[in-house]
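A short worksheet on the structure shown next.
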Amino acid sequence: MKLFITDDTSELKEEELKTYEGYIEKLSKLIFEEDNDYLDPGLRQLFKNSYANVTFVSREEIKDLNMRIRDIDKETDVLSFPMVEMFNGELDIDIEDIDMEYDDDGNKILNVGDIIICQDVAFANADTYGHSKEREIAFLAAHSFLHLIGYDHIEEEDEKIMRQAQRSLMASVGLAIEEDAAEITNHKEDEDDIVAYPAGSVCAHVGYVALLGRPNVGKSTLINYLTGMKVAIVSHKPQTTRTNIRSIYNTDDAQIIFTDTPGVHKPGSRLGEIMVANSFNSAKGADVVLFIADGRFKEPGKVELELLEKCKENKKKVILAINKVDDVSKESLLPVIKAYSDEYQFDDIIPISAKEGENVDALLDSIISYLPEGPRLFDTEYMTDQTERVIAAELIREQILHYTNQEIPHGTTVEIEKFEEKYKDGSVDEYDRDRVVIRAAIICERNSHKGIIIGKGGAMIKRIGTSARMSIERLVGCKVYLDLFVKVREDWKNSEILLKDYGFREESDEKDGL
């Protein structure tokens, strides 16, 4: 197997990089070329013509990757992105279903995956654990290579298998490890038990809260932060959310049903008209409107002024959340607050950072104070009205937006054609799933877009699928087999029939249930 090892930071000394490359290459040969128990011997020939990328990056780069791909605002030491469906060294799909690439000579080659290492975090870990930098880098490489061929540490039994393989590999390169803190395991944060309350039980504060604001102002980011799970996709591109997504926030004395609406913009298609209409209808049916503004801009723009006029017409309680305060100084917020206050008499104004969670608790307290007493509308076990099927489609679309950058506009949607749950032998309930099999069509408007989404040799759609699969697996809590393909449907955003087929419709201002 070929390795492409690069240093994107330009901070590693040449002799350091050569040392790390030596250990990484030894580990690669042990796993992919020599007779061992890590990889199914029958796959040795398949992996002979293969390659993997190992890249050293900065703290900022790995934090950005964690945010964009895993929705985690954190610096980690390593990330791995498998490109082949495997489990503990064995293929998890039929060998003929593997997507192969072609080299310049037309020979088939296999992309095993990517490994991203942040040496700064790794070196800090080495100091903490009291061992060498070489040992830490080698351990991260061993751990990641095992991930690329299907080893994992989510389930306890799988974690034991992976630990044993890691210890064996490290001993083979002369850097034996004990079962200590250096081993990466699946640590879960302790969570307080949440008391379950059924729908109909009375609580002190209950009601609907509509989020209004221009595209890309942070509405989806706030919803995801509040619910603790990814129910709305997040992208740096505008107009990401297309439908009203209801997320439910529960405490012992309150239930808030948040409606994350599409950003209000000038519609350029029938789809755009539906998105804007749904935003306004959501505000009409809400008990409180949460108006989100971008704190980086000193005064409201045309979109904000139009929204505020709608709020005046409907005479709703409106709380202004000035978002993205992590990007500005506190002093610069004063003229922003004054500019908005001159346009509307808000019931409360709270600066926040939806990304960092700054002042979000104060925002929740304010919202709750304006909601009346009443029966809970939903059981507290519910967190959203979106099905796994719908969220899976959105997670796929999120990766399309991310990887195609500016090449593909918002002319794509995703249609889930198959969502099949496979259960373990002797399973006792609906949560005891072994895997979920998904077949999804990426709908685009032009043949040229189809070519970009598929990419050379299928590389782009494979990358989209791998990242989307990882996100969906976190959602469903089990292995996912994801099959993606592309359909062209010209001008689908203006076709009433196709829009309905893809789930886009104007919602009434009624407060819908789950």
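The peptide list 201-213, 131-143, put in order of mean Cβ contacts within 10 Å with the highest first, becomes 131-143, 201-213.
If the limit is 20 Å between Cα atoms, which of Lys108/Lys456; Lys160/Lys422; Lys219/Lys302; Lys26/Lys160; Lys219/Lys317 go over it? Beyond 20 Å: Lys160/Lys422; Lys26/Lys160.
Note on the stretch 114-140 and the stretch 5-37: Cα centroid distance 13 Å, given to the nearest whole angstrom. Close amide-amide hydrogen proximity is noted between Ser50 and Lys2, Leu110, each under 5 Å apart and 5 or more residues distant or on a separate chain (H modeled in the peptide plane; Pro and chain starts excluded).
With both labels modelled 7 Å from their Cα along Cα-to-Cβ, the Thr387 to Leu364 distance reads 3.0 nm.
Label sites at Gln164 and Phe123, each approximated as a point 7 angstrom past Cα along Cα to Cβ, lie 3.7 nm apart. Once you divide the Cα radius of gyration of the stretch 1-113 by 2.2 N^0.38 Å, the number left is 1.20. A Förster distance of 25 Å, applied to the separation of the beta-carbon atoms of Arg439 and Asp8, puts the FRET efficiency at 0.10. Approximating the spin labels as points 7 Å out from Cα along Cα→Cβ, the Asp94-to-Glu420 distance works out to 1.2 nm.
Every number here is computed from the coordinates shown, using simple stated rules; none is lab data. Source: prediction; values computed, not measured. Here the Cβ is made from the backbone with ideal geometry for all residues, glycine too, and neighbour counts use every protein chain on show.
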